[in-house]
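Nothing in this text is a laboratory measurement; each read-out follows from the coordinates by a stated rule. Note that the structure is predicted; figures quoted are calculated from it, not measured. Note that we place each Cβ from the backbone using ideal geometry, even for glycine, and neighbour counts take in every protein chain shown.
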Amino acid sequence: MAPQMNIATILTWLRIAAIPLVVLVFYLPALIGPYNWARPVAAWVFIFAAVTDWLDGYLARRLNQTSAFGAFLDPVADKLMVTTVLVVIVQADPQIYLAVTAAIIIGRELTISALREWMAELGRRHHVAVSKTGKLKTILQMVGLGAMLWYEPTFGLPVYAIGKALLILAAGLTIWSMVVYLRSAWPHMAEADIDS
C-alpha cells in the first residue's frame, strides 16, 4: 500500500526536489560562464526549502495530517539538504575549519539517526526526541548555510562571513545537542547490555 499523500508530504517532496536544483544553480557559472546571480538564486531555492521544513510540520499538525511516512521523510529531506549544501560549500571554499565544521555536523546527523533507530528498536525512541538545543542548532545552521550560499555582500554586510560564524556556532550546538541525546539514551543502552 502506497503512503498517503497530503499537503505536508508534498511540501517535503518539494524540499527533496529542491536539492538538485540548488546544486545545478550553484554550479551554473561553471557550465555556461560567470554569472554573479547564481549563488543568490541558489540561496533563494535553499531558503524556500528551509521554509517548507517549518511549513510542512505546521500544516501536518494544523490539518491533522501527521503520518508515519511523513515522520520518516521529513528528517530525511532535512539531512539530504544540509549535507548536500555542506559538501557544495566545502568544495567551493576548501578550508580546513569549514571541512571540520561540515564533518562535525554530518557526523552528528549520522550518529543521532543511528541512535534514534536503535532506541526505536528498544521501544524508547521518545527518549531522543528533538530538543530545544537541536531546534536552535537547526535555525543557526539553515541561516548560516543560506548566507554562505548567497555569498555576495549585501547592504554593506559581509554575508558570507556572517554565515560562516553562524555555521561554526551551529557546529558547537551540534556537539552539545549530541551529548544531550547520548546522555539521555545512555541508561537505556546500559540496560540493553545487561538484558543481552
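Residues in region 140-172 that are out of contact with any helix residue (DSSP H, G or I) (no Cβ under 8 Å at 6 or more places or on another chain) and either assigned to a strand (DSSP E or B) or under 18 Å from G107 (Cα atoms) (or both): T154, L157, G172. Taken over region 85-103, the criterion of being under 13 Å from the mean Cα position of the chain (by Cα) and buried (at least 16 other Cβ atoms within 10 Å of the Cβ) is satisfied by V85, L86, A102.
For region 73-83, the count of residues that are touching a helix residue (DSSP H, G or I) at 6+ places or on another chain (Cβ under 8 Å), of a type in the set (S, T, N, Q) and over 10 Å from R15 (Cβ atoms) is at least one. The test for being within 30 Å of V179 (Cα to Cα), in a helix (DSSP H, G or I) and in contact (Cβ under 8 Å) with a residue 40 or more places away in the chain does not hold for L110.
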